[in-house]
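Asks: Encoded as C-alpha cells, here's the structure I'll be asking about.
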Amino acid sequence: MRILMVTPYAPIRDGIASYAVQQVKALRAEGHDVEVLSPQPSAAHHHLDLRSPRGPLALAKRVRAYDRVIIQFHPDVFYVDGASATQRARTTAGLLAVAGAARSLDVLVHEIDYAAARRHDPDAYLSRLFWRRVHRITVHTEAERARMEPAFGLPPGSVEVIDHGSHFVRRAHLDQAAARERLGIVSEGHVFLSIGFIQPHKGFDRAVRAMRALPAGAASLHVVGSVRVEEAHYLDHLDELRALVASTPGAHLHESYVSDEAFDVWLVAADTVVLPYRHIWSSSVLERAALYDRRVIATRVGGLAAQAPEGTVLVDTDEELAGAMADALGTGNSAVVRVAASTTSWSASSGQPDRAEVMRAVVDRATAERGRELLDAAGPTARSATIGRQRRRARAVGALERLEPLVLPPPTSVRPGVGLVKRLIASLTWWQMGPVVERINELQRATAEALADREPDR
C-alpha cells in the first residue's frame with residue numbers, strides 16, 4: 001500500500017516528529033511504501049507550509065496519489081497562533097478538502113482545540129464537518145475519546161483508542177551503572193528524572209520545589225530538556241526554572257536537546273521518573289519509561305490515569321507529589337510532607353483545562369512568588385496596602401474572566417421557514433459581525449491578562 005504521512009519529522013526537535021519516525025519504521029516493516037510530508041524542511045520526502053493560506057488546499061491536490069493518508073494532528077501544524085476566525089475557517093475548509101480528496105484518511109490526534117467546537121462561527125461548523133469526514137480517528141486514551149466524540153458531534157464509538165507506545169522500541173542497551181557513568185551522574189543516592197521540552201505546562205518546577213522537602217543528600221533530581229519554541233513566556237519560564245534549580249540542593253538542570261538514544265540513556269540512569277504535568281493529553285515519556293521498567297510518579301491530568309501502566313504513582317497536588325517522592329526514598333510519610341507551593345491541581349475529574357487557562361495560572365503563581373519576596377522586605381503598613389491592591393486587582397481579573405465570551409445568537413426558530421431566513425441573514429452578515437464579536441472577546445482577554453501580568457506593587 002502506498003501511504004503518505006503528514007507530520008513534523010526528524011531532525012526537527014518535536015515529540016510528534018519522534019513518534020512519527022517510529023510509526024514510519026513500523027509501517028515499512030509491514031511492507032508498505034511510505035512517504036512523509038512535513039511542514040518544515042526535514043528528512044521527509046516532501047515539504048509544504050501547511051499554515052500558509054493555500055497550504056491545506058495544496059495538500060488536498062497531493063493526497064489523491066496515495067492509497068492511505070495519515071495525519072499526525074496538532075493544531076500548531078495547521079493553524080497560525082492568534083489567527084482570526086476567518087483565517088481559521090479558511091484553514092479548516094482546506095482540511096475538509098483533504099478529507100474529500102483522500103481515498104482513506106487516518107488522523108491521529110495528539111492535541112486538539114476544544115474551543116473550536118464550542119464557538120458559534122463558520123470555523124466551528126467546518127471543524128465538526130471535517131471530523132465527520134475522516135475515515136479513522138485515533139487517540140491515545142479513553143479520556144480523550146470520551147471528550148472528543150460529544151465535542152464534535154461524532155457518533156459514539158467512532159473514535160478509536162490506540163496504545164501510545166505500540167511502535168516504541170528500546171534505543172539504549174546498557175545497564176544503569178554504565179548509563180550513569182556516560183552521563184556523569186554520581187551513583188550514590190536516589191536519582192529522580194524529569195525529561196522533555198521545558199514548557200510551563202510540563203511542571204518541572206513543581207518537581208524542583210518538591211526536592212526541598214526531601215532529606216539533604218538523599219537524592220538528586222535531573223531536569224533534562226530544552227525550550228521547543230523560543231517564545232517570550234517559554235524563555236521567562238526557563239529563567240525562573242534556572243533560578244529555582246540554582247537555589248535547590250540536589251537539583252540539576254541539563255539544558256540541551258537530547259537525541260533519541262540519549263533520551264533512553266537518561267531513563268536507564270534514573271531510579272524514578274517524575275512527570276509533574278499541569279496539562280497534557282498523553283505522554284511518550286511515560287511509555288518509554290515503561291520499556292525500561294522505571295518507576296514513574298505522574299500527575300493525574302489528561303488521560304494519564306488511563307495510559308499509566310500498573311505501578312505508576314498518580315498524584316493530584318504539589319503536596320502529594322512531594323510525598324510520593326519521599327515514599328520512593330522510603331524516608332518519609334507522604335501524609336505529613338509539606339511543600340512551599342500552591343496545592344492547586346488540574347484534576348482529570350474536573351475536566352481538561354485549556355492551554356490558555358494553564359498559562360494564566362502559571363503566570364499568577366510566578367507573580368505571587370515574586371510578590372511574597374518583596375513583601376517580606378517591606379514594613380507592615382506597606383505590606384497591608386500592597387495586599388489590598390493585589391486583592392482588588394485579583395477581583396477585577398476574576399470578574400473579567402467570569403464573563404462569558406460574546407457570541408451571536410444562533411440562527412434558529414421554531415416557526416416554519418424562519419430558521420432558514422435567519423441562517424441566510426447570518427451567512428450574509430457574518431463578514432461584518434464576526435470580526436466585531438471576535439475583537440470584543442480579544443479585548444476582554446487582553447484586559448484580564450494585562451491585569452494578571454502586572455508586576456507586584458513595590
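Where a number appears in this text, it was derived from the coordinates with a stated rule and is not lab data. Since this is a predicted model, take the numbers as computed values, not measurements. Cβ atoms come from the backbone with ideal geometry, glycine included; neighbour counts cover every protein chain shown.
Asks: Given His74, Val21, His46, which one lies farthest toward the positive end of the charge dipole of region 2-161, if we put +1 on the Cβ of every Lys and Arg and -1 on the Cβ of every Asp and Glu?
Replies: About the Cα centre, the residue reaching furthest to the positive side is His46.
Asks: If you take the square roots of the eigenvalues of the alpha-carbon gyration tensor of region 81-185 and sort them as a ≥ b ≥ c, do you get rounded (a/c under 1.5), prolate (a/b over b/c) or oblate?
Replies: In terms of gyration-tensor shape, prolate.
Asks: What percent do you get for the relative contact order of region 162-277 when only Cα pairs under 8 Å and 6+ apart count?
Replies: 40 percent
Asks: Which shape class applies to region 176-348: rounded if a/c is under 1.5, otherwise prolate when a/b exceeds b/c and oblate if not, where a ≥ b ≥ c are the square roots of the Cα gyration tensor eigenvalues?
Replies: Because its axes are fairly even, with a/c under 1.5, region 176-348 counts as rounded.
Asks: Further, regarding this structure: Taking the number of other C-beta atoms within 10 Å as the exposure measure, put Asp293, Asp33, Asp123 in order starting with the fewest.
Replies: Ascending number of Cβ neighbours within 10 Å: Asp293, Asp33, Asp123.
Asks: Hey, can you grab everything whose amide H is under 5 Å from the amide H of Met5? Only 5+ residues off in sequence or another chain; H modelled, so Pro and N-termini drop out.
Replies: The answer is Glu35, Val36, Leu37, Ile70.
Asks: For region 82-133, which trypsin sites (Lys or Arg not before Pro) pass both filters: DSSP loop (anything but H, G, I, E, B) and at most 14 other C-beta atoms within 10 Å?
Replies: The qualifying sites are Arg103.
Asks: Could you tell me which chymotrypsin sites (Phe, Trp or Tyr not before Pro) in region 207-280 are loop residues by DSSP with no more than 14 other beta carbons within 10 angstrom of their beta carbon?
Replies: The qualifying sites are Tyr257.
Asks: Starting from the Cα gyration tensor of region 236-307, take the square roots of the eigenvalues, sort them a ≥ b ≥ c, and report rounded, prolate or oblate (rounded when a/c is under 1.5, otherwise prolate if a/b is larger than b/c, else oblate).
Replies: Since a/c reaches 1.5 but b/c is at least a/b, the shape of region 236-307 is classed as oblate.
Asks: Can you tell me what percent of all Cα-Cα pairs in region 2-161 are more than 27 Å apart?
Replies: Cα-Cα pairs in region 2-161 separated by more than 27 Å: 19 percent.
Asks: Okay, moving on. By how many nm would the segment from Ser413 to Leu443 lengthen if fully extended, with 0.36 nm per residue of separation less the alpha-carbon distance?
Replies: Full extension from Ser413 to Leu443 adds 7.7 nm.
Asks: In addition: Quick check for me: using +1 on Lys/Arg Cβ and -1 on Asp/Glu Cβ, what's the dipole size of region 2-161 about its Cα centre, in debye to the nearest 20?
Replies: With only Lys, Arg, Asp and Glu charged at Cβ, the dipole is about 500 debye.
Asks: Looking at region 149-241, which GluC sites (Glu not before Pro) are in a loop (DSSP not H, G, I, E or B) and have at most 16 other Cβ atoms within 10 Å?
Replies: Taking region 149-241 and a limit of 16 other Cβ atoms within 10 Å, the loop GluC sites (Glu not before Pro) found are Glu188, Glu230, Glu231.
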